[in-house]
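Structure first, commentary second.
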Amino acid sequence: MSTAIALDGMGGDDAPSATVGGALLAAAAGIEVILVGDSEILGRELNARGGAPAHMRIVHAPDQVGMGDKAAADVRRNRQTSLYIGTELVKRGEAAALVTMGNTGAAMATALIVLGRLKGVERPALGAVLPAGDGAVLFLDVGANADARPSHLVQFAHLGSAYMRAVRGLESPRVALLSIGEESSKGSMLVTETHQLLAHDIRLNFIGNLEGRALLSGEADVVVTDGFTGNVCLKLAEGMVTLLFGEMRNAARSSLRSKIGGALLLPSLRGVRERLDYRQYGAVPLLGVDGAVFVGHGRSDEQAVANGVKNAHHAVEQGMLAALTEAVSGGLQA
């Protein structure tokens, strides 16, 4: 099976500039990249940057998926898009994974049509790896399912645990349920019913409810919620990071003393910002489909694209899909 990573060259707000630039950065790190998209457009962008390296090639796809709300509905009608053809490369084993910065709904719909679900999975979930304590936490679902049932969240917990075991090397990932209080009785009907199921699932290392303020504390390795709540939390966190560093930058320029202090703190602050920057993770895995698919932010720049390709390559090397398949074979039904 190929170890190449297929990259949707036409997906994202800044494609093809960001996708081609990111592909070149990933290729420079030794990863074989297949750029999928309009060969004329991608070729022109590559030539402007000095041409493609030996271990990069283009697979032509004449059409592309838009970023609008109706994009997911168009998937069944158009099978000549870069997203669809890139997913087919994974299906045929010509690529180990697909990375796209395009429309999330369209990416999920395409993955379900082309790859299908892993046997036993009701709903796939998007899992975001976030910095937490001295390590990381997998937060899911962050946008694949706006509505969810308790059985879906239990499956998310199993898929998340399998991912963290395989990719992060955790022997027994701690699983928590996002809620408004630590008590089992706190939360919506969805949360309270899910808590009961998780608490009686001996296959999981369930540690109970976790409040939003503790999401990045490092208390849990996997935190589950529905896609609507997860997406709101993720975008709120991104906005807070942007606001925080903007305020710190303004404060550092407010006086001569602040400028001197800011200059002394700058190296440390850069390290903190890099750790909190979503671009470091690049793309998040769509867990539960029968293939490796990673979805990134629509406004990703070339560094985010490159990191998305690198993270997908690492996950594949660590046996992500085999671990998820094993979790399914163990019985995911709640």
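Observations on the model:
- Region 214-253, subset of a type in the set (D, E, K, R) and at pLDDT 90 or above, residue farthest from L130 (Cα to Cα): D226
- Restricting region 59-90 to residues that are assigned to a helix (DSSP H, G or I) and surrounded by fewer than 17 Cβ atoms within 10 Å (Cβ to Cβ), the residue that is modelled with the highest pLDDT is D74.
- Residues of region 204-215 satisfying the condition of being touching an Asp or Glu at 6+ places or on another chain (Cβ under 8 Å) and among the hydrophobic types (A, V, I, L, M, F, W, C): I207, L210
- All conditions but one from (1) among the small types (G, A, S); (2) modelled with pLDDT of 90 or more; (3) closer than 20 Å to N209 by Cβ apply to A162; the one that does not is (3).
- Checking each residue in region 204-215 for being assigned to a helix (DSSP H, G or I) and under 21 Å from the mean Cα position of the chain (by Cα) picks out G212, A214.
- Count - residues of region 133-156 that are in a helix (DSSP H, G or I) and aliphatic (A, V, I, L, M): 2
- All positions within region 159-191 that are over 20 Å from A125 (Cβ atoms) and among the polar types (S, T, N, Q): S172, S184, S185
- Condition met for A166 (touching a residue at least 60 places away in the same chain (Cβ under 8 Å) and buried (at least 18 other Cβ atoms within 10 Å of the Cβ)): yes
Quick grid of which residues meet (1) in a helix (DSSP H, G or I); (2) outside the structural domain of H152 (by TED's automatic domain parsing); (3) touching an Asp or Glu at 6+ places or on another chain (Cβ under 7 Å):
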| position | (1), (2), (3) |
| --- | --- |
| L190 | yes, no, yes |
| I202 | no, no, no |
| S217 | no, no, no |
| A220 | no, no, no |
| N231 | yes, no, no |
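- Identity of the residue in region 1-16, assigned to a loop (DSSP other than H, G, I, E, B) and over 12 Å from A292 (Cβ atoms), that ends up farthest from the chain's Cα centre (by Cα): P16
- For region 22-58, the set of residues classified as over 22 Å from the mean Cα position of the chain (by Cα) and either in a loop (DSSP other than H, G, I, E, B) or outside the structural domain of L89 (by TED's automatic domain parsing) (or both) consists of D38, R49, G50, G51, A52, P53, A54, H55, listed by residue number.
The values are calculated or read from the model by the stated rules, or taken from the named source; none is laboratory data. Keep in mind that what you see is a predicted model, and the values were worked out from it rather than measured. Using ideal geometry, Cβ is built from the backbone for each residue, glycine included, and neighbour counts are taken over all protein chains shown.
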